[in-house]
Structure formats: C-alpha cells, structure tokens
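Below you'll find the structure, written out as structure tokens, and then a few comments.
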Amino acid sequence: MKTIIVTGGAGFIGSNFVIYMLQKYNDIKIINLDKLTYAGNLENLKSVQDNKNYVFVQGDICDSELIDSLFKEYNITQVINFAAESHVDRSITDPDIFIKTNVGGTANLLNIARKYWEVDGKYKEGVKYLQVSTDEVYGSLGETGFFMETTPLDPHSPYSASKAGGDLIVKAYADTYGMPVNITRCSNNYGPYQFPEKLIPLMINNALTKKPLPVYGDGKNIRDWLYVEDHCSAIDMVLHKGRPGEVYNVGGHNERENIQIVKTIIGYLREHVDSTIDESLIKYVEDRKGHDRRYGIDPEKIKRELGWYPGTTFEVGIEKTIKWYLDNKEWMDNITSGEYQNYYKSMYEKDV
C-alpha cells in the first residue's frame, strides 16, 4: 500500500483531491497534513473522516520535526504539496508569510523527503514529490496566445512570486539530486468547498445576502476556468504516469472575463432563487495592484503524453457549482463566520 502525504488537504483543491483519491482507490493511505488556517476546513472532509485509509494531522509544512516524524511513522512514499498561502490580495498586504510557507515550506518538504527516499545516491522505487502550482507564475498574456510549459516565469504579485520560487526549488532538487518530481500548473479552479474570498463563491454568497458584488477595475480581466474534479483527475494522472522532472500545465480552455462570471451567477440566481437579484449589486472597485490582464493555459502536453482532458464545460461546471452552494448553505454560513467576516470587511467593504 502506498502512503501519500497530502499537504493542505483541508483546503479547497486539497479536500476535493483527498475525497477523489479515497473514492477511486482502496490500496492507498492518505495522511492529510493541514495547518487549519482560516481557509482550511475539516467540514470539507466529513465524508471520509472515518475511512480506515485516511489520517488527519494538524500541522505546518515549515515544521521540520513534525514532517520528519510523519515520514518515519508512516513510511511516506509520495508527497503532493497543495499547502500554500494562496490569495493575491493577502500577499499584497502580508507578503512575508507567503515567502515563508510557499518557498521555505516547500524546501522543508523536499529536504525531509530526500532524507528518507535517497539511499546511496539512488531513490527508492515508486517515490515521487508533486508540487501543485499555478499559471500565475507565468505572468500575464496579451489578447492572444497561451501559457506553455516552456513559457518563462514572470510573476507579478508576492503570491505568484512565492509560488514560482517554490517551483524553482523543486526543479533544483530534480536537477541537482535526481529527485523524482513533477510540477503541475493549473488555471483558476472552481467547484465545491472553495473558500469565499475567491470570485465565484464570493459572488454567490454576496448576491444571496444582497451585499455589493465587488469587481476589480473594468471587470474585463480574463481567466481560464477549470472544474476542480477535472484538476484532481489530472493530478492523479501526473502522480502515476508523469515523466520524472516534467512540468504539466492543466487548463480547461474555458476563458471568461471576470464580469461575465459575475453576470452569469446573477442570471442563474435571479432565475432560480430570487427575482430581485440583479446587476445593480455590481460595484466596480479600484483595481488590484499588479493585476494580470489575462491567463490562458495550453494543456496540449498533458493531453498528448498522459491522455488527460477536462471533462467539464464551463456551462455545466458553473451550474453544478452554484447548485452546490445553494444546497450547502450551512457550510457557507459556518465558514463565513468569525475571522472571515473580519477579513471581508477589511479587504472589500472599504471599497464598496
């Protein structure tokens, strides 16, 4: 039985991945290591909490002693690193924690993995370190073209710079020590369990409670959207079939302007929930510092080499996502209490 440590497994993508893997495989054990910051939520994992192949550990990827003890106790064979400070706005106001976690924490995981996996200059069979990264490390695109794995890194925010730094550390361990690694870089994820500081759940929650819908700048920034379950299937495929040392871009070919996303959400809620929800709720606010104009991913490499492709169109995925939040209002109420309310007021209400 393989034992995988999934860091950040109580967050949005991490929790979806843990559930996906435990539903698909009965011959793996997952150790979920999560610090449980504001965005980590064990309610996401209620469906697997009693699974005999699942263990939750609260802790920080920067904690060398803890990570070492987990490798020793559970004979970890693979690492999938989702753990990251991930919100661009927060990185602008507090960059230090992003550097510490996203660069220093990554290096800590690599050091301990190498300690347990490398024997006489060779790595044990079947071990792998997989770094889950973002298309934001590439910077910004013009009106045409797509990010490819060969696109130079050109990050523009403390968040994306810290993720790029983590990626380069991973690459260095492959080049210098021969560690079997992969890096995946995905476009914007959406779906169940996403913390409502992100665009789609923020807009759903605010619209339902008749709060302003804050839209940066002119709202025409473009993102490529990827349904989270499609992302989970891609990571699974890279984990099992990815060539060591390779980077794989994971995208959905679902580019939309931010304002299109907001209006789509308003339209669905107006038709299916409350006819008084309309576009008067939209409030344009001062643009984010260093706001990248467009992201677009070319996922041809992962399609060609591994046979992966996104199975969910945006039209299907956004409807599934909105329905999930409507069906899980208690989850939303619980997660938007306390610290999040304070954060929301500090980051958004001052602008609207």
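The values are calculated or read from the model by the stated rules, or taken from the named source; none is laboratory data. All values reported here derive from a predicted model rather than from experimental measurement. Virtual Cβ from ideal backbone geometry, glycine too; neighbours counted across all protein chains shown.
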Restricting attention to the range 14-29, and to residues there that are buried (at least 24 other Cβ atoms within 10 Å of the Cβ) and of a type in the set (A, V, I, L, M, F, W, C), which single residue is nearest to the chain's Cα centre (by Cα)?
17
Hey, among the residues in the range 216-245 that are assigned to a loop (DSSP other than H, G, I, E, B) and crowded, with 19+ Cβ neighbours inside 10 Å, which one's modelled with the highest pLDDT?
242
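Residues checked against (1) modelled with pLDDT of 95 or more; (2) of a type outside the set (Val, Ile, Thr); (3) more than 27 Å from residue 43 (Cβ to Cβ):
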{"residue": "282", "(1), (2), (3)": "yes, no, yes"}
{"residue": "305", "(1), (2), (3)": "yes, yes, yes"}
{"residue": "308", "(1), (2), (3)": "yes, yes, yes"}
{"residue": "335", "(1), (2), (3)": "no, no, no"}
{"residue": "345", "(1), (2), (3)": "no, yes, no"}
Got a number for residues in the range 280-304 being farther than 15 Å from residue 221 by Cα and in a loop (DSSP other than H, G, I, E, B)?
2
When the range 52-67 is examined, which residues are found to be charged (D, E, K, R) and surrounded by 15 or more Cβ atoms within 10 Å (Cβ to Cβ)?
60, 63
Being without any contact (Cβ under 8 Å) to a residue 12 or more places away in the chain and more than 26 Å from residue 291 (Cβ to Cβ) is the filter here, so list the residues in the range 73-116 that pass it.
73
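Any idea which residue in the range 1-22 is nearest to residue 109 (Cα to Cα), counting only those that are among the polar types (S, T, N, Q) and part of a helix (DSSP H, G or I)?
Looking at the filtered set, the residue picked out is 15.
Matching residues to (1) within 18 Å of the chain's Cα centre (by Cα); (2) buried (at least 24 other Cβ atoms within 10 Å of the Cβ); (3) in a loop (DSSP other than H, G, I, E, B):
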{"position": "154", "(1), (2), (3)": "no, no, yes"}
{"position": "169", "(1), (2), (3)": "no, no, no"}
{"position": "175", "(1), (2), (3)": "no, no, no"}
{"position": "192", "(1), (2), (3)": "yes, no, yes"}
{"position": "203", "(1), (2), (3)": "no, yes, no"}
{"position": "214", "(1), (2), (3)": "no, no, no"}
Kindly check whether there is at least one residue in the range 95-105 that is among the polar types (S, T, N, Q) and either part of a helix (DSSP H, G or I) or more than 22 Å from residue 250 (Cβ to Cβ) (or both).
yes
Residue check, residue 71 buried (at least 16 other Cβ atoms within 10 Å of the Cβ), under 23 Å from the mean Cα position of the chain (by Cα) and not in a loop (DSSP other than H, G, I, E, B)
no
Is it the case that the range 33-47 has a residue that's within 16 Å of the chain's Cα centre (by Cα), touching a residue at least 60 places away in the same chain (Cβ under 8 Å) and either farther than 28 Å from residue 336 by Cβ or buried (at least 21 other Cβ atoms within 10 Å of the Cβ) (or both)?
yes
Being of a type in the set (Ser, Thr, Tyr), surrounded by fewer than 21 Cβ atoms within 10 Å (Cβ to Cβ) and touching a residue at least 60 places away in the same chain (Cβ under 8 Å) is true for just one of 284, 295, 248, 268. Which residue is that?
284
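Taking residue 248 as the residue in question, decide whether it is touching a helix residue (DSSP H, G or I) at 6+ places or on another chain (Cβ under 6 Å) and assigned to a helix (DSSP H, G or I).
Working: touching a helix residue (DSSP H, G or I) at 6+ places or on another chain (Cβ under 6 Å): yes; assigned to a helix (DSSP H, G or I): no.
No.
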Only one residue in 140, 133 is surrounded by fewer than 19 Cβ atoms within 10 Å (Cβ to Cβ), touching an Asp or Glu at 6+ places or on another chain (Cβ under 9 Å) and of a type in the set (S, T, N, Q), so which one is that?
140
Taking the range 305-315 as the region of interest, how many residues are more than 18 Å from the chain's Cα centre (by Cα), touching a residue at least 60 places away in the same chain (Cβ under 8 Å) and in a helix (DSSP H, G or I)?
2
